[in-house]
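A short write-up of the structure that comes next.
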């Protein structure tokens, strides 16, 4: 029964989505860049610099929808990039969806950031579908300039997760959430179907339209390295 209710909830959330064209996908890239810029602009309340500097991949979901009435669900569309020998990879597009049980009423939008901290986390993202906490474990990431110094985050989960809602930023647990490749957005942006593996492993050169987003990601890590 619970699975049925969650399925109905997720169907309702997915109804917020519609077929995208390239301009819609470009807007997602721009919003993701803005989210990362705003988060890294406040290091005392954001992602610790050494955590961000150690990330192998960065995945951002601007305005993920969380909704619930006793039983909750969440759905959003994001973009990811991974480090390689040439810099940061061409962006890959994905959807995130999942259900959560608890006393919830109402709906809200949150900005979601996932950092893949090691090869296991990166390989999960390179697949076209994986479950957070199943195929790759995840943990709420530490927050604040000095927060990482007193934690064992390097020994913890391959994926660290963060969310921002109504100006409040902090770690979030996403276990059970499923990440799918967003094939429609990928085709709209690149003009053809490509796998997450092809894009994130550096097999595809980053297109000019992705330059602004990738510059923000690169600049965020460069700032962290220089501090």
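Filtered by the rule that a residue be touching a helix residue (DSSP H, G or I) at 6+ places or on another chain (Cβ under 6 Å) and either in a helix (DSSP H, G or I) or at pLDDT 90 or above (or both), region 33-52 gives 33, 36, 37, 40, 49, 50, 51, 52.
The single condition among (1) touching a residue at least 60 places away in the same chain (Cβ under 8 Å); (2) assigned to a strand (DSSP E or B) that residue 28 does not satisfy is (2). Only one of the numbered conditions (1) surrounded by fewer than 24 Cβ atoms within 10 Å (Cβ to Cβ); (2) closer than 19 Å to residue 196 by Cβ; (3) at pLDDT below 90 is violated by residue 112, and that is (1).
When region 115-143 is examined, which residues are found to be assigned to a helix (DSSP H, G or I) and touching a helix residue (DSSP H, G or I) at 6+ places or on another chain (Cβ under 6 Å)? Before you say what the answer is, go through the steps one by one.
Looking only at region 115-143, we keep the residues that are assigned to a helix (DSSP H, G or I), and these are 119-126.
Across region 115-143, the qualifying residue is only 126.
Residue check: residue 12 meets all listed conditions (1) in a helix (DSSP H, G or I); (2) modelled with pLDDT of 90 or more but one, namely (2).
The values are calculated or read from the model by the stated rules, or taken from the named source; none is laboratory data. Only a predicted model underlies this, so the values are computations on that prediction, with no experimental measurement involved. So basically every Cβ, Gly included, is an ideal-geometry build from the backbone, and we count neighbours across all protein chains shown.
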